[in-house]
Amino acid sequence: MGSTVTQKLLLALSIVLILVGICLTSAGCFSPAWQVVDIREFRAEHQHGLWWDCIRAEKHVVSVGDFYDETPLHCMYKFDNSAELVIQNTLNNIDEDGAAGESEHHRFWAWHKAILFFIITSEFLAFISICSGVCAPCVPSTAFAFSISLFIAMLCSLLADGIFFLAANRVDNRFVQGMVGTYEQRIGYAFYLHLMGTLCWIGAFVCTLLTTYKFVTGDEEDGSKENLFTWQQQTQPVTLSVRYEDRRQQQQQYHHSSRSTWIN
């Protein structure tokens, strides 16, 4: 009974951590704030995401006190063909347009696509892991699929975080060139959201290993008990039969000896 309770607790904890990880990584993926830079000469905050970018105009005072009102974000997709044409035209007029250097950061680069590929793959595998974990109490063999799918999802998520961190710290991606100044981009909260989701999956994977061990060992113990019970049932009639034959032979020998004595 204690082993069953432990199995269920570990399984529930693993699934909860996986769900939390899915929520955090998805929130990070959908946020544009992977890289944030405040370009003072443009009086705007630029947020460069994985698949879309947003611009927020500089905050302005709405009262005598230190209260500021944030203007809404104006966003565009990196994979939008019309936006790509605008960026290309801006880059062609780099000598006349001072914002051309910043437009380079709105393009859909290969490392963006690689990160999105690993994130989408990790989300899909995490969902498969949850489905396998739900089936584990009824079919203990699915515990292996539970662990393997979560392990691959964790690796994909780690690769996505690693690729972004290395790419974001490259000089051409880290600094933004304005008209008169150069500004350094900082890593935004979206990356840290995704990183926290990855850490949740790491914790879930540790619990998953323990869960798989409990299910496998519990299944082996049940199988051993069943085999022992079957063996006892099979050997018991044989033992009784042997004892009956021995007793019958003893009776025959007794009658034979008694008859010999009577004849003599």
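The values are calculated or read from the model by the stated rules, or taken from the named source; none is laboratory data. All values reported here derive from a predicted model rather than from experimental measurement. Glycine also receives a Cβ, built like all others from the backbone with ideal geometry; neighbour counts cover every protein chain displayed.
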(message) Suppose we keep only residues that are among the polar types (S, T, N, Q) and within 19 Å of VAL16 (Cα to Cα) within region 147-197. Which one would you say is modelled with the lowest pLDDT?
(response) SER147
(request) Go through PHE175, PHE165 for me and flag whichever is more than 22 Å from the chain's Cα centre (by Cα), surrounded by fewer than 17 Cβ atoms within 10 Å (Cβ to Cβ) and without any contact (Cβ under 8 Å) to a residue 40 or more places away in the chain. (result) PHE175
(message) For a quick check of your reading of the model, give me the residue pairs whose first member lies in region 93-120 and is β-branched (Val, Ile, Thr), whose second is at pLDDT below 85 and buried (at least 18 other Cβ atoms within 10 Å of the Cβ), with beta-carbon atoms closer than 6 Å and at least 6 apart or on different chains.
(response) ILE94/ALA100
